[in-house]
Amino acid sequence: MQAAATTPLYQLVSFKPKLQTFPSKSQLCPLGTPFCRLGMASVSGFRLRPLRAVGGSSSSSASGDDGFVTLIEYVAKEGMNVKDDLVVLLDHIQYACKRIAALVASPFNYSLGKQTGHGSVGSDRDAPKPLDIVSNEIILSSLRKSRKVAVMASEENDAPTWISDDGPYVVVTDPLDGSRNIDASIPTGTIFGIYKRLEELDNLPTEEKAMLNSLQSGSKLIAAAYVLYSSATILCITFGSGTQAFTLDHSTGDFILTNPSIKIPPRGQIYSVNDARYFDWPEGLRQYIDTVRQGKGRYPKKYSARYICSLVADLHRTLLYGGVTMNPRDHLRLVYEANPLSFIVEQAGGRGSDGKNRILSLQPVKLHQRLPLFLGSLEDMEELESYGDIQQKVNPGYEV
């Protein structure tokens with residue numbers, strides 16, 4: 001957790017990026033091409049890869065003259081029924097994530113990544129690094145400036161931060177998931193969930209109403225997203241009517257719609273877990289893994305293991321290719337990680353579970369409550385849960 005500081009760390013971290021001139025969007029994509037993704041054809045040029053438009057339509061009337069749809073254009077004009085206040089909040093959140101994307105990609109974060117924060121609660125493995133703290137302060141600053149948030153609860157803080165009495169929304173966040181591996185350039189991510197402020201609590205003391213607003217059930221989420229910082233910066237979001245993905249165009253600074261409707265395959269052929277801990281697992285989980293990797297499960301093909309040890313990255317691959325990603329021990333946080341990611345997965349047609357119960361049906365009782373987390377394709381999840389005993393209850397070698 002974050003210790004108090006007089007000067008925000010994000011104000012101490014500065015760098016001057018070398019500016020580069022890029023072709024305009026209209027030069028790169030012909031008019032009327034609804035969605036285009038750029039790829040390098042050679043050292044000196046680009047090739048175009050058009051993406052399918054929403055509903056297969058080739059109309060560009062809702063996407064501007066250049067055929068692109070930005071994140072803000074999409075939520076404001078595409079019939080998402082998103083209120084103006086939420087659009088404003090989302091604009092500030094995406095700005096914060098762009099700043100974090102620039103920070104984690106900067107050569108000037110190298111020394112920060114090697115330092116360890118102080119005053120943390122929990123094991124040294126989870127102790128916040130300065131990059132976590134800087135990311136947390138960037139997000140908090142953006143939420144304050146939006147004037148649309150009552151309270152922010154962060155994985156990096158012991159208690160929720162009350163921001164404004166009249167802010168209509170509550171934001172929960174893991175500012176920088178996977179940061180302990182950043183020195184190796186492993187993908188990282190930001191996770192956030194958005195709730196409505198519980199107006200019936202307004203007369204309670206500030207500390208009490210901040211906590212109760214932050215401990216809402218995941219079933220009350222109105223939006224959730226993660227941002228993947230990797231070879232591309234991808235924002236995957238849901239407002240409760242499907243899951244969409246937007247890719248950051250560094251030439252314009254816009255998040256561009258690249259997948260208008262993510263649908264996780266009903267079954268994949270990949271499982272993602274730290275199987276170095278195989279002998280610590282319960283019998284049911286060992287049986288499931290042994291069965292599917294031999295091709296003896298309900299799907300008659302051998303499964304492969306893919307494990308990045310970055311939750312956002314492992315989940316993003318699972319959303320696209322199917323399968324399951326999991327941490328079977330009581331490690332991931334219900335409020336900041338499990339609830340938002342389960343909402344995203346369910347809206348893409350998958351399932352989020354603690355091994356026994358639907359994640360979004362659980363009522364948080366503590367801000368930093370931990371639990372096992374299983375996310376993935378519907379058929380894979382049903383098969384996994386049929387083995388019963390899949391929650392790891394012993395954690396040798398770990399401090400929780």
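Roughly speaking, what is the stretch gain from Ser164 to Arg358, that is 0.36 nm per residue apart minus the C-alpha to C-alpha distance, in nm to one decimal?
Gain in length upon complete extension: 66.6 nm.
How large, in Å, is the stretch 132-222 by the Kirkwood hydrodynamic radius built from its alpha-carbon pairs?
13.6
How far apart, in nm, are two points set 7 Å out from the Cα along the Cα-to-Cβ line at Ser219 and at Glu283?
Distance between the two pseudo-spin positions: 3.4 nm.
For Asp254, which sequence-distant residues (separation of 5 or more, or a different chain) have an amide H within less than 5 Å of its own amide H, given hydrogens modelled in the peptide plane?
So Asp254 has HN proximity to Asp249.
Long-range amide H contacts for Arg358: which residues qualify at under 5 Å (H placed 1.01 Å from N, peptide plane, sequence gap of 5 or more or a different chain)?
none
Provide the per residue accessible area, probe 1.4 Å, for the stretch 270-386, rounded to a whole number of square angstrom.
37
Rounded to whole Hz and in sequence order, give me ³J(HN,Hα) for the stretch 167-182 from the Karplus expression 6.51 cos²θ - 1.76 cosθ + 1.60, θ = phi - 60°, writing x for Gly and Pro.
x, x, 10, 10, 10, 10, 8, 10, x, 8, 6, x, 5, 5, 9, 5
Whole percent per 10 Å bin, from 0 to the bin with the longest distance: what is P(r) over all C-alpha pairs of the stretch 270-386?
Here the calculated profile for the stretch 270-386 is 14, 50, 32, 4, 0.
Report the net charge of residues surrounding Gln391, where surrounding means a beta-carbon distance below 15 angstrom and charges are Lys +1, Arg +1, Asp -1, Glu -1.
+1
When ligands, DNA and RNA are left out and all protein chains stay put, how many square angstrom of accessible area per residue does the stretch 168-269 have with a 1.4 Å probe?
In whole numbers, the stretch 168-269 has 35 Å² accessible per residue.
The values are calculated or read from the model by the stated rules, or taken from the named source; none is laboratory data. Keep in mind the model is a prediction, meaning the values are calculated, not measured. Heads up, the Cβs are rebuilt from the backbone with ideal geometry, glycines too, and the neighbour counts pull from every protein chain shown. All accessible areas refer to the heavy atoms of the entire protein, side chains included, with ligands and DNA or RNA removed. Shrake-Rupley method; radii C 1.70, N 1.55, O 1.52, S 1.80 Å.
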